[in-house]
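Read through the structure below, which is laid out as C-alpha cells, and then see the notes.
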Amino acid sequence: MMHCPICRALLNGAETCRRCRTELKEVQEVERRGRELVDAAMHLLALGDTAAAMRLLHRARVVHATPEARLLSTLVPAAGAPGGEPAEAVPPGASPYSADADAAAD
C-alpha cells in the first residue's frame, strides 16, 4: 500500500499513517493476502491447472480486488483448452519458445 486510504498521505511502508494516525496493519495484511492468492493462482496457471487458478483468483477478488486479479480472472478462462480442461503444460526440460516444445507436444 503506497498511500493511506483515509487521507492519501504517502506511507513509505509504515503501519500507521503519519498524517491522520490511522492504524493500517490489518488493511495491509488483507492486501498482502490478496497478493499471495494471485501469486498462487499464477503458479497454478504455469502448471496448467486452470480450474484451481480460477478458484484462487475468485478468492483473491473477494479478499482484495486489484486490477491485476480482475484482469487475470477475465484472461484465465481463455487460457484453458476447449471444454474447460486445463491446457497442456510444457514438459519438464523443454522450452516453450523452441521447436522442442512443439515436437514434445505431438
With (1) surrounded by 16 or more Cβ atoms within 10 Å (Cβ to Cβ); (2) more than 19 Å from the chain's Cα centre (by Cα); (3) at pLDDT 90 or above as the list, and L10 as the residue in question, which single condition is left unmet? (1)
Considering only segment 1-45, state which residues are among the basic types (K, R) and closer than 29 Å to H58 by Cβ. K25, R32, R33, R35
Filter segment 13-29 down to residues that are aliphatic (A, V, I, L, M) and exposed (fewer than 12 other Cβ atoms within 10 Å of the Cβ), then give me how many there are. 0
Which pairs turn up if I take residues in segment 30-50 that are free of Cβ contacts under 8 Å to residues at least 24 places away in the same chain and look for partners that are assigned to a helix (DSSP H, G or I) with beta carbon separation below 8 Å, at least 6 apart in sequence or on another chain? A40/L56; L44/T50; L44/A52; L44/A53; L44/L56
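To keep it simple, each residue is scored yes or no on (1) hydrophobic (A, V, I, L, M, F, W, C); (2) at pLDDT below 85; (3) under 14 Å from the mean Cα position of the chain (by Cα).
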{"residue": "A14", "(1), (2), (3)": "yes, no, no"}
{"residue": "L57", "(1), (2), (3)": "yes, no, yes"}
{"residue": "T66", "(1), (2), (3)": "no, no, yes"}
{"residue": "L75", "(1), (2), (3)": "yes, yes, yes"}
{"residue": "A79", "(1), (2), (3)": "yes, yes, no"}
In segment 49-81, anything of a type in the set (G, A, S) and surrounded by fewer than 17 Cβ atoms within 10 Å (Cβ to Cβ) is listed as A51, A52, A65, A78, A79, A81
Six or more apart or on different chains, Cβ under 6 Å: which pairs go from a residue in segment 60-71 that's within 18 Å of E29 (Cβ to Cβ) to one that's exposed (fewer than 14 other Cβ atoms within 10 Å of the Cβ) and among the aliphatic types (A, V, I, L, M)? Could you list them? H64/V30
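The values are calculated or read from the model by the stated rules, or taken from the named source; none is laboratory data. Since the model is a prediction, treat every value here as computed from it, not as a measurement. Methodologically, a virtual Cβ is constructed for each residue, glycine included, from the backbone with ideal geometry; neighbour enumeration extends over all protein chains shown.
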